[in-house]
Amino acid sequence: MSQPVPPNLHNIMNTIICGLQWGDEGKGKLVDMLSQEYDVCARVAGGSNAGHTIVVDGKKYKFHLLPSGILNEKAICVIGNGVVIHLPSFLNEIDGLKQSGIDSEGRILLSDRAHIVFDFHQQVDGVQENKLGRNKIGTTKKGIGPAYASKISRNGIRIGDLKNFDFFEMRFRELAEATMNSYPGLEIDIDGQLAYYKSIAER
């Protein structure tokens, strides 16, 4: 027997946009159109290989990590724990919005459980793709697959780990060393990368 819906939930509506063709289906455009009427727009998976180009009043906006609903000034945009995030790209996107006159302050929520895509994940992506020769997958070499592999292997590093930088440093050194051992010839500037992440951790 079904229970009556509480009165305060009658007007709540959720819409899910799912792609079934591995990209290039126009998801970003659809999300942009629909999200103008929504309070919250969320991304649940994927990484910066996504590319959503939105044109508003003749002005182009390119999104890779941010939900395209960010153009709705009333919407909160959520990047969930299933997304893998290349932080330099993420911060560049936010800075680009600001330069375009879009105020996103306080409207972007980033899950502390989302995993980080490091530059060496992108290097690994390229190495793996090149090894496949004629059987290449066609990856964008943005490190998405290797970052998810780190997540599944349980040696990946989450956004929330930046809250305790000593812990972050320990985990990063372990992951970087393990990656270099797995890919002879791959070099990671561990100290340089740690200096960068320390500089953005508070932000």
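A 1.4 Å probe over all protein chains sorts Met13, Met170, Met180 by accessible area into Met13, Met170, Met180, starting with the largest. Under a 5 Å amide H cut-off, with hydrogens placed 1.01 Å from N, Ala42 pairs with Val78 among residues at least 5 apart or on other chains. Accessible surface comparison of Val83, Val31, Val55, probe 1.4 Å, protein chains only, largest first: the order is Val55, Val31, Val83. For the stretch 141-203, the solvent-accessible area with a 1.4 angstrom probe is 61 square angstrom per residue.
Note on the chain: with a GNM built from Cα contacts shorter than 10 Å, the maximum mean-square fluctuation among Ala42, Ala75, Ala149 falls on Ala149. Counting only alpha carbon atoms, the long axis of helix 119-131 and the longest principal axis of the chain meet at about 70°.
Compared with the alpha-carbon gap, the fully stretched path from Cys18 to Leu34 is longer by 4.4 nm at 0.36 nm per residue. By a 1.4 Å probe calculation restricted to protein chains, His115 has an accessible surface near 10 Å², given to the nearest 10. Here the chain exposes an accessible surface that is 51 percent carbon and sulfur, computed with a 1.4 Å probe and the other protein chains kept in place.
Under the classification rounded if a/c is under 1.5, otherwise prolate if a/b is larger than b/c and oblate if not, where does the stretch 48-203 fall, given a ≥ b ≥ c as square roots of the Cα gyration tensor eigenvalues? Cα axes put the stretch 48-203 in the oblate bin. Against the chain, whose longest principal axis comes from its Cα atoms, helix 87-99 is set at around 40 degrees.
The values are calculated or read from the model by the stated rules, or taken from the named source; none is laboratory data. These figures come from a predicted structure and were not determined experimentally. For accessibility, only protein heavy atoms count, side chains too; no ligands or nucleic acids. Shrake-Rupley method; radii C 1.70, N 1.55, O 1.52, S 1.80 Å.
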